[in-house]
Structure formats: structure tokens, C-alpha cells
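Engineer: Have a look at this one before I ask anything.
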Amino acid sequence: MNIEMRHLRYFIAVAEECHFGRAARRLAISQPPLSQQIMALEALLGARLLSRTNRSVQLTAAGEQFLLDARQIVQQTAQAAERAARLHQGLEGELRIGFTSSAPLIPAVSDALLRFRQRYPAVHISMREMNTRQQLTPLEEGHLDLSVMRNTPLPPSLDWQLLRREPLMALVHRDHPLADRGAISIRALANEPFIFFDPHVGTGLYSDILALLQRYAITPFVTQEVGEAMTILGLVATGLGVSLLPMAFRRAQLDNLVWLPLLESDARSEVWLVWAKGREPGAAFNTMRSLLLAGAPTE
């Protein structure tokens, strides 16, 4: 049954005007083709939709029901077209973003999310907190659109751009002998009880911090292994040891914690924006990526 949208629009006009002449003027077509199209529609349906006399046009029972359905179809088609256009323009839809625990504490990330939400309130942002290693498979499989993660080896199917270079800082209890020294060398931590990430958790910070310690021939005296950076903050605040974390975590300041800059210029960690290669990026994806990368380093 080859019913076209024009058949529905023509029938709706005639049904609402109850007059072929007025309906033809409304549609900006001549009356004979309109009458032919209505007859063709009735032939396709195998049902009489209109009762015609020389003076009036009235809907049959079948016509009344078809009018209700035709209006709904035309309305749904218009809504579908509008939604498609809004999705194409990035005004609606969904963005699925993976992020490490430090990402919301990085001003460039939190500011970009706020700007996007203010400009595109109809786009749903689904945020999923995962460590760096956990984000790779969802990105490859298309379950995440973008990820904010620490630098890590990536599979060939993923692409990335540097988002931020972030200093690593020492954190100690306020009563620790190092607490009042200001900037310190990382070597000052060599013999301190060290609170560190569990190597099996998969956080990118584990590799960053361990590589830094190894460059200065430091084997950390690890007394506590934990899965989350916030746990490290809490344990250092109780005086159980010292640690290293990116500067972003300083925004989650706890009582009894002192943050100390490191003298070593290579004491830093990179934050990456990562996405899958070969995907068809939509406008919302491109806008969010641009906002996140607006203040990124150029080198």
C-alpha cells in the first residue's frame, strides 16, 4: 500500500474544510488534482472516507478514524524530523563521558562541562567514573563517546589529545617534619612510609608516580595500598604516611593535610582526552571536545 505523506495532508485539509475548493486553496493546488488524489487514496485503502454531495463533504465512519490516525502520523513525522535536525545540530541527544576521579577537580574540565550544560540543556550528559584502564574497552566498544583519563598506552583504535599537564605534589600530615619546608625534593620522601595505589586497580597515576620515583632511584617504602585517591588523602590526614598526587586533588582539601610542591621539573602527570577512531562525530561530540580542549597545551 503506497500511501504517501501528500495523501495524508490532502485528506486532512479536505476533512477539516469539508469543502474541496477551500481545501485546494489552502493547499495552493487546483481542485481537480486534489479530488483525484483523494479518490486514489480511497482506492488504496479500499474504503470510502468522504461522503460527497453537490453541497457538502462529510466524513464517513472510516474517514473519521482515518483523520485521527492521519493527524497523528503527520505530527509524529514532523516531530521525528525536528528531533533529527536537533540531533544533527547538537541541540539534543546524549553524550557518554568516562572520567577519572580527579577530572571534576580540574578547572578546565569542570568549566567545560558547565559551559556545555548552559548552552545545550537538552543534551543529556551521562558521566561514568572509572579509572584509566577501565575506560579503554567501553571506548572501543562504543559505550563511551569521550574519556578524560591519565596518560596510558592506548590500543590502535583510540585517538587522544593532551588536555593538561599537571604538577605532582607531596602530601604530608601537618605535624610531619617536612610540613613547614615549602617546596621539597622528592628524595625527601625516600625513607617515609608511603601510601600508594594498589597496582591491580588500574589507575594511570600508579604508573606515573612509580616512574617518577624510579627516575630518582627511589624504591618507596609502601605501607598501605589503596584503590582510590580519596582514600590516600584520608590516610595521610590520619598521619599513617606520605604520598604523591596531582595538584587537582588539592581542591578536595582535608584537615591536617599539607601539600608541598616538588622541586623536580618532571614531577607531573598528563591528563588526556580520548575517543574512538573512525566514529562519525556528531555536533554535540565536536562541541564538547572543543570546549574541553579550549585551554589545552599546544605543544
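Engineer: Name the single residue, out of those in the stretch 78-131 being within 16 Å of the chain's Cα centre (by Cα) and of a type in the set (Ser, Thr, Tyr), that is surrounded by the most Cβ atoms within 10 Å (Cβ to Cβ).
Structural biologist: Looking at the filtered set, the residue picked out is Thr100.
Engineer: Mind listing just one residue for me: the one in the stretch 132-187 that is in contact with a Phe, Trp or Tyr (Cβ under 9 Å, 6 or more places away or on another chain) and assigned to a loop (DSSP other than H, G, I, E, B) and, of those, surrounded by the fewest Cβ atoms within 10 Å (Cβ to Cβ)?
Structural biologist: Selected residue: Ser185.
Engineer: Let me ask you something else. Output the residue which, of all residues in the stretch 281-299 that are within 13 Å of the chain's Cα centre (by Cα) and assigned to a loop (DSSP other than H, G, I, E, B), is surrounded by the fewest Cβ atoms within 10 Å (Cβ to Cβ). Give the derivation first.
Structural biologist: Our first condition is that a residue be within 13 Å of the chain's Cα centre (by Cα); within the stretch 281-299, this holds for 281-292.
Then keep just the ones that are assigned to a loop (DSSP other than H, G, I, E, B); that gives 281-282.
On the way: Pro281: 15, Gly282: 18.
Across the stretch 281-299, the extreme among qualifying residues is Pro281.
Engineer: Inside the stretch 202-227, can you point out the residues that are at negative phi, in contact with a helix residue (DSSP H, G or I) (Cβ under 9 Å, 6 or more places away or on another chain) and part of a loop (DSSP other than H, G, I, E, B)?
Structural biologist: Thr203, Tyr216, Ile218, Thr219, Pro220
For every residue, the table says whether it meets (1) assigned by TED's automatic domain parsing to the domain that holds Thr287; (2) of a type in the set (A, V, I, L, M, F, W, C).
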residue	(1), (2)
Leu113	no, yes
Phe116	no, yes
Arg128	yes, no
Thr132	yes, no
Thr137	yes, no
Glu140	yes, no
Asp145	yes, no
Asn151	yes, no
Leu154	yes, yes
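Engineer: Would you point out the residue of the stretch 95-124, among those that are out of contact with any Asp or Glu (no Cβ under 7 Å at 6 or more places or on another chain), outside any helix (DSSP H, G or I) and without any contact (Cβ under 8 Å) to a residue 60 or more places away in the chain, that is farthest from Ile232 (Cα to Cα)? Lay out the reasoning, then the answer.
Structural biologist: Initial filter on the stretch 95-124 (out of contact with any Asp or Glu (no Cβ under 7 Å at 6 or more places or on another chain)): 98, 100, 102-121.
Then drop every residue that is not outside any helix (DSSP H, G or I), which leaves 98, 100, 102, 106, 120-121.
In the following step, the residues that additionally are without any contact (Cβ under 8 Å) to a residue 60 or more places away in the chain were identified as 98, 121.
Values: Gly98: 22, Pro121: 36 Å.
Residue satisfying both the conditions and the ranking: Pro121.
Engineer: So which of Asp208, Asp198 ends up being touching an Asp or Glu at 6+ places or on another chain (Cβ under 6 Å) and over 13 Å from Val172 (Cα atoms)?
Structural biologist: Asp198
The values are calculated or read from the model by the stated rules, or taken from the named source; none is laboratory data. Note that this is a predicted model, so its numbers are computed, not measured. Cβ sites come from the backbone with ideal geometry, for glycine too, and all protein chains shown count toward neighbours.
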